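The values are calculated or read from the model by the stated rules, or taken from the named source; none is laboratory data. Because the structure is a prediction, the values reported are computed rather than measured. Using ideal geometry, Cβ is built from the backbone for each residue, glycine included, and neighbour counts are taken over all protein chains shown. Keep in mind that these areas ignore ligands, DNA and RNA; they rest on the heavy atoms of the full protein, side chains included. Shrake-Rupley method; radii C 1.70, N 1.55, O 1.52, S 1.80 Å.
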Amino acid sequence: MLKIPEDQVGILGGGFHELGKPILVCVYDSGVNYRDEIARQYALYIYDEGHHVGAKTFKEIAWSCLTPYRMVLSATIERDDANEEMIYKMTGDKVYEITFYELVKAGYLAPVRVEFIEVEFPEDERKKYEKLDEELTKVREEIRKLYTRYSLEAMEEGYTSIGDYLRKTKNPEYTELNRRATSLRSRMRVLEQANSNKVLRALELTEKHLAEGNRIFVFTNLEKQANKIYSKLRAKYGEKVGLVIGKTSTEERDRLFKLFKEGKIQCIVTTTVLDEGIDAPTSDVAIVVSSRAIRHPRQFVQRIGRVVRPLPGKVAKIYILRTVGVNGAEERTLEGLKEELDRVYEFTKMEKLIENMEREK
């Protein structure tokens with residue numbers, strides 16, 4: 001596209017080590033390892049998927065950079081840890097921004113309809129969750145008692161936060177209670193993600209859209225869940241369904257994507273390996289069964305990006321499944337997630353645009 005001779009472009013990462021060429025393309029992991037050499041050789045830095053620049057390790061690339069010429073490209077600059085402010089300090093203020101809706105209106109992206117599917121636990125899984133919740137309540141009560149016991153001592157030592165005092169003094173009882181609380185919360189969160197009723201609902205949605213001839217990505221954060229959904233669909237639809245997970249080889253992934261583009265595969269079940277940086281083919285439907293993201297939309301935006309490439313008359317359909325009925329993390333943050341995604345996608349304006357499109361057909 002830029003008509004630059006191949007011998008002028010080097011690659012760093014993925015088995016390549018071509019530092020010294022006028023232009024260098026490198027992955028963040030390799031960039032960190034050779035940040036000092038890169039800093040002395042290149043006059044312009046362009047950070048693609050630039051939200052990574054604020055990460056704990058990757059920020060070292062920007063800190064080491066000597067050039068005043070820096071460009072950050074990102075569809076989702078906001079980070080879950082709010083470190084986008086650090087990105088601005090390292091690379092400069094935002095100079096251009098365009099909304100998702102404006103890109104849709106200009107024809108660069110397909111409009112989307114997002115539907116939130118609220119899914120309750122089956123009875124046996126709900127009981128497991130409630131038992132863990134009871135244990136967590138007891139641990140929290142023990143922590144509260146510990147706070148009461150050490151409140152005067154913390155105040156005498158000049159601490160306004162009892163928790164800070166217990167952490168700084170490495171109180172063994174507090175450390176153990178925190179470990180137990182963290183473990184319980186993690187197990188509860190996995191139960192919410194793994195909710196087997198989500199699997200049933202995902203299968204229903206997938207079968208509906210397969211019957212309509214759509215091409216579908218089914219996203220899950222859990223490899224076991226991905227395998228379960230895939231095996232059920234594979235048994236019914238055979239080679240129309242593919243699976244891409246962390247251990248899928250590059251050759252197999254490329255083969256599946258090729259078949260998907262050709263329409264020989266209609267559905268790919270996948271874990272987070274497609275969130276970004278992968279040249280995956282477009283589809284019509286995305287079903288997000290489980291995700292690490294609770295409130296912040298970045299991971300959802302990345303995944304939805306797999307279905308928004310424009311085609312004449314296309315309206316992308318997104319389903320986001322959330323466990324409800326136990327006041328868990330997915331339920332407590334559901335309204336927050338809706339608000340965040342509405343901020344990104346402007347659903348009311350988007351729906352009017354879709355209605356106009358459908359009237360013009």
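When the stretch 316-348 is filtered for residues that are surrounded by fewer than 16 Cβ atoms within 10 Å (Cβ to Cβ) and either in a helix (DSSP H, G or I) or modelled with pLDDT under 90 (or both), the ones remaining, listed by number, are Arg332, Glu335, Gly336, Glu339, Asp342, Arg343, Thr348. Is it true that Ala39 is of a type in the set (Gly, Ala, Ser), farther than 30 Å from Thr348 by Cα and open to solvent by less than 70 Å² (accessible area, probe 1.4 Å)? Spelling it out, Ala39 is indeed of a type in the set (Gly, Ala, Ser), farther than 30 Å from Thr348 by Cα and open to solvent by less than 70 Å² (accessible area, probe 1.4 Å).
Yes or no, residue by residue, for (1) more than 30 Å from the chain's Cα centre (by Cα); (2) under 23 Å from Glu192 (Cβ atoms); (3) among the polar types (S, T, N, Q):
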{"residue": "Glu85", "(1), (2), (3)": "no, no, no"}
{"residue": "Tyr88", "(1), (2), (3)": "no, no, no"}
{"residue": "Leu109", "(1), (2), (3)": "no, no, no"}
{"residue": "Glu123", "(1), (2), (3)": "no, yes, no"}
{"residue": "Lys127", "(1), (2), (3)": "no, yes, no"}
{"residue": "Leu146", "(1), (2), (3)": "yes, no, no"}
{"residue": "Glu153", "(1), (2), (3)": "yes, no, no"}
{"residue": "Glu156", "(1), (2), (3)": "yes, no, no"}
{"residue": "Ile162", "(1), (2), (3)": "yes, no, no"}
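Residue under question is Tyr96, and the condition is that it be over 20 Å from Ile320 (Cα atoms), surrounded by fewer than 12 Cβ atoms within 10 Å (Cβ to Cβ) and modelled with pLDDT of 80 or more; does it hold? Criteria met by Tyr96. Here is a check on your reading of the model: is Glu351 modelled with pLDDT of 80 or more and closer than 19 Å to Glu120 by Cα? Taking the combined requirement at face value, the residue does not satisfy it. Residue under question is Val53, and the condition is that it be under 30 Å from Pro312 (Cβ atoms) and open to solvent by less than 40 Å² (accessible area, probe 1.4 Å); does it hold? Considered against the rule, which asks whether it is under 30 Å from Pro312 (Cβ atoms) and open to solvent by less than 40 Å² (accessible area, probe 1.4 Å), Val53 comes out as no.
Per the listing Glu120, Glu130, Glu115, the residue uniquely exposed (fewer than 14 other Cβ atoms within 10 Å of the Cβ), in contact (Cβ under 8 Å) with a residue 60 or more places away in the chain and touching a Lys or Arg at 6+ places or on another chain (Cβ under 8 Å) is Glu115. The residues of the stretch 99-112 that are on the phi < 0 side of the Ramachandran plot and surrounded by fewer than 17 Cβ atoms within 10 Å (Cβ to Cβ), listed by number, are Thr99, Glu102, Leu103, Lys105, Ala106, Tyr108.
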